[in-house]
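In what follows, a structure is listed as structure tokens, so that the remarks can point back to it.
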Amino acid sequence: MWVLGDSVMKKCLLEIGPKRIKQGFVLLAVVLVTGCGGGSSGDSTTAADTTPNAFTFTDQTGVAVSTEVTSAAITVAGINAAAAISITGGTYQIGSGTFTSSAGTVTNGQTVKVKHTSSSSNNTATDTVLTIGGVSDTFTSTTVAAPVTGVALPNEIDIVETS
């Protein structure tokens, strides 16, 4: 390693001068900041994430035939931009808005419910599929079982005593 002696160092500093030394340090600082990724204009952009976390509707059983059945609300989470929402087999509601079957968009933190009409037959399932940003879940309602019929009871009951 080459080391400058004190006298050589002093001579170099006097010949270069304090102004040139200052300019050298400024140039070095600019090179270091630029090389380290500094000097940004502040226009950083985050990629849009429209794929939500998985969501799950709670299915309902024992519902009356031919009635409107509404799910409990789910909360949209895991997105940072508006995501597409669509439905098959029913309607959906965002927040306290109106129920619709048309495609739309939903944002992070909004709540969504789905609704459909239960089957007109007993013990029959009806499905509604909600899709948000490519993630889907099915809300299912199943109607009550048919009442038991055809059990014949005797008109008379004979009581026989035995001893």
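Remarks
- Qualifying positions in region 92-123 - farther than 19 Å from residue 133 by Cβ and crowded, with 19+ Cβ neighbours inside 10 Å: 116, 118
- Matching entry among 67, 56 (being touching a Ser or Thr at 6+ places or on another chain (Cβ under 7 Å), modelled with pLDDT of 95 or more and either surrounded by fewer than 12 Cβ atoms within 10 Å (Cβ to Cβ) or assigned by TED's automatic domain parsing to the domain that holds residue 107 (or both)): 67
- Residue in region 74-91 that is nearest to residue 58 (Cα to Cα), counting only those that are surrounded by 14 or more Cβ atoms within 10 Å (Cβ to Cβ) and aliphatic (A, V, I, L, M): 74
- Tally, over region 69-106, of residues that are free of Cβ contacts under 8 Å to residues at least 12 places away in the same chain and in a strand (DSSP E or B): 1
The values are calculated or read from the model by the stated rules, or taken from the named source; none is laboratory data. Everything numeric here is computed off the predicted structure, so don't read it as measured data. Here the Cβ is made from the backbone with ideal geometry for all residues, glycine too, and neighbour counts use every protein chain on show.
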